[in-house]
1. Considering only the range 62-71, state which residues are touching a helix residue (DSSP H, G or I) at 6+ places or on another chain (Cβ under 7 Å) and either assigned to a loop (DSSP other than H, G, I, E, B) or surrounded by 22 or more Cβ atoms within 10 Å (Cβ to Cβ) (or both).
2. For residue 166, state whether it is surrounded by 14 or more Cβ atoms within 10 Å (Cβ to Cβ) and without any contact (Cβ under 8 Å) to a residue 12 or more places away in the chain.
3. Residues that are more than 20 Å from residue 38 (Cα to Cα) and modelled with pLDDT under 90, at least 2 per element: which helices (runs of 4 or more DSSP H) completely within the range 73-188 meet that?
4. Working only within the range 26-46, note down all residues that are in contact (Cβ under 8 Å) with a residue 40 or more places away in the chain and either in a loop (DSSP other than H, G, I, E, B) or buried (at least 18 other Cβ atoms within 10 Å of the Cβ) (or both).
5. Given the criteria free of Cβ contacts under 8 Å to residues at least 24 places away in the same chain and surrounded by 20 or more Cβ atoms within 10 Å (Cβ to Cβ), does residue 126 qualify?
């Protein structure tokens, strides 16, 4: 498995973080985001989808105690360790890695904050955050932005109902349909 090669066997807590990260990666790679919602199928587009789903998990863990804080920190560390590995595979040298990771971290926290403002009730801010961040290098249809915002709101509600004890045990359900048609039916 990809993660076994990336991160050698470690403590059980690491296994939990790996499982959570695996769920985030799997959801971020859902082809419907790229084919149906015009998320750019690029390194940046895939990173942005990782940011969105990591933010949803961190949002759920916020304020849930020290164990949740530690799990959130471990998830972020794993994300950036994976980004470090990816940059190295793309040929970025040791001298440039720190700069790239620092820039990616700053971007992640800025994007996460912008998405959260939108998720906290400001639909205009959520659409603007998606246009400025996720779709910054593309020209999606207005309907695609609207559907992405809808997905993000539904996913936030769903993750918000996940049991924190389950998450801390490495069990996370991100099985939220990317698209939902009128009347509540799901489309992939």
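The values are calculated or read from the model by the stated rules, or taken from the named source; none is laboratory data. Here the structure is a predicted model, which means the values were calculated and not measured. Note: ideal-geometry Cβ built from the backbone for every residue, glycine included; neighbour counts use all protein chains shown.
1. Once the filter is applied, which keeps residues that are touching a helix residue (DSSP H, G or I) at 6+ places or on another chain (Cβ under 7 Å) and either assigned to a loop (DSSP other than H, G, I, E, B) or surrounded by 22 or more Cβ atoms within 10 Å (Cβ to Cβ) (or both), the range 62-71 yields 64, 71.
2. It is false that residue 166 is surrounded by 14 or more Cβ atoms within 10 Å (Cβ to Cβ) and without any contact (Cβ under 8 Å) to a residue 12 or more places away in the chain.
3. 94-119
4. Hits for the range 26-46 are 27, 30, 33, 36, 37, 38, 39, 40, 42, 45.
5. No, not satisfied.
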